[in-house]
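Trainee: Structure incoming, see below.
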Amino acid sequence: MKRRDFLTHTTAAGTLISLGGIGLSSCTGLGRKHITILHTNDVHSHIDPFPISHSQYPNLGGVARRATLVDKIRDENPNTLLFDAGDIFQGTPYFNFYGGELEFKLMSKLRYDAATIGNHDFDNGVEGLLAQVPHASFELISANYNFSNTVMDGYVKPYKTYLLDGIQVGVYGIGIGLDGLVLKRLYKETEYLDPFEIALDMEKKLKEEEQCDLIICLSHLGYAYENPNRPCDILLAQRTYHTHLIIGGHTHTFLEKPDVRTNKNGESVLVNQVGAYGINLGRIDFYFDSGKETSVKGVSISV
């Protein structure tokens, strides 16, 4: 297991950055409450490790290895949540043969807490996605896909909250526009809603109604694009008010460290994405002190 520190610090105490009312610093003065967020994205049905002869990812990845890492981290901190940012399906013969059943069953074995829906998760249509729902013990979360006129109606939630050691964590999902990426006959009457407007609605609800201390977005928009107006995680971070962490997918972006962006309140938002194919496991640790002060540390674990 190889770890790379995502966050660099200029002093022993770290550099303090405002993060939506939460301080982002080194973990020298750790708070009394500790929440760990683990995440993957764009696993694309990669169940086995890459072969040792692979030119890019020799002997990396594999669900069994990820399970061992996740279990070890949960043993260290029982207040741990595990998320996926979409594109669970499509990429190996496992999907071609089992249609996503194996992926959902294995994620359930790993006790994922929630996943958002990526464009490739429609590759067997909304009916194919629905057929795999019984194999998922975790929540499917998407706030800007309206499934009310499809067979998926009622099987996807816009957000989910978790209470860990007195800390209320709210998580909402945001998906990419399907037109041009997915055939209409596959997503059918799924309605795509503006991701920025929906994100503002979700984070406001999570902060004001659900009283969340930590707000996370599972995004399959993509990290960034040459077109400055195309919705992406960077723009999402800059246009929101209360979201503390955006866990991204779609663009298979291997970030060396979480990107820190400034939101509409002038406070910092973490944006992270750990590549693809399950070769990395993202880890973000939030240490809560009294009131709103915390410390945050991020590492990337190479599987």
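The values are calculated or read from the model by the stated rules, or taken from the named source; none is laboratory data. Small disclaimer: the values here were computed from a predicted structure and weren't measured. Cβ placement follows ideal geometry from the backbone for every residue including glycine, while neighbour counts extend to all protein chains displayed.
Trainee: Do any strands (runs of 3 or more DSSP E) lying entirely in the stretch 250-303 carry at least 1 residues that are touching a Phe, Trp or Tyr at 6+ places or on another chain (Cβ under 6 Å), of a type in the set (Gly, Ala, Ser) and at pLDDT below 90, and which ones are they? Show your work before the answer.
Mentor: Values: elements: 259-262, 268-272, 280-288, 294-302.
Qualifying strands (runs of 3 or more DSSP E): 294-302.
Trainee: Still on this model: Pairs only if they're at least six apart or on different chains, beta carbon under 6 angstrom, first in the stretch 236-264 and under 10 Å from TYR223 (Cβ atoms), second hydroxyl-bearing (Ser, Thr, Tyr); list them, first residue then second.
Mentor: ILE246/SER219; GLY248/SER219; GLY248/TYR223; THR251/TYR223; THR253/TYR223
Trainee: Please work out if LEU236 is within 29 Å of ARG111 (Cα to Cα), assigned to a strand (DSSP E or B) and not aromatic (Phe, Trp, Tyr).
Mentor: Criteria not met by LEU236.
Trainee: Criterion first (aliphatic (A, V, I, L, M), in a loop (DSSP other than H, G, I, E, B) and modelled with pLDDT of 95 or more) does ILE216 satisfy it?
Mentor: When the stated conditions are applied, ILE216 does not pass them.
Trainee: Which one of the conditions (1) more than 25 Å from ASN229 (Cβ to Cβ); (2) within 18 Å of the chain's Cα centre (by Cα); (3) among the hydrophobic types (A, V, I, L, M, F, W, C) does MET202 fail to meet, given that it meets all the rest?
Mentor: All conditions pass for MET202, except number (1).
Trainee: State whether the residues of the stretch 69-90 include one that is modelled with pLDDT of 95 or more, part of a helix (DSSP H, G or I) and either aromatic (Phe, Trp, Tyr) or touching a helix residue (DSSP H, G or I) at 6+ places or on another chain (Cβ under 7 Å) (or both).
Mentor: no
Matching residues to (1) free of Cβ contacts under 8 Å to residues at least 24 places away in the same chain; (2) under 20 Å from GLN90 (Cα atoms):
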position: ASN146; (1), (2): no, no
position: ASP153; (1), (2): yes, no
position: TYR187; (1), (2): no, yes
position: ILE215; (1), (2): no, no
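Trainee: Being of a type in the set (Gly, Ala, Ser) and loosely packed, with under 12 Cβ neighbours inside 10 Å is the filter here; which residues of the stretch 40-63 pass it?
Mentor: SER53, SER55
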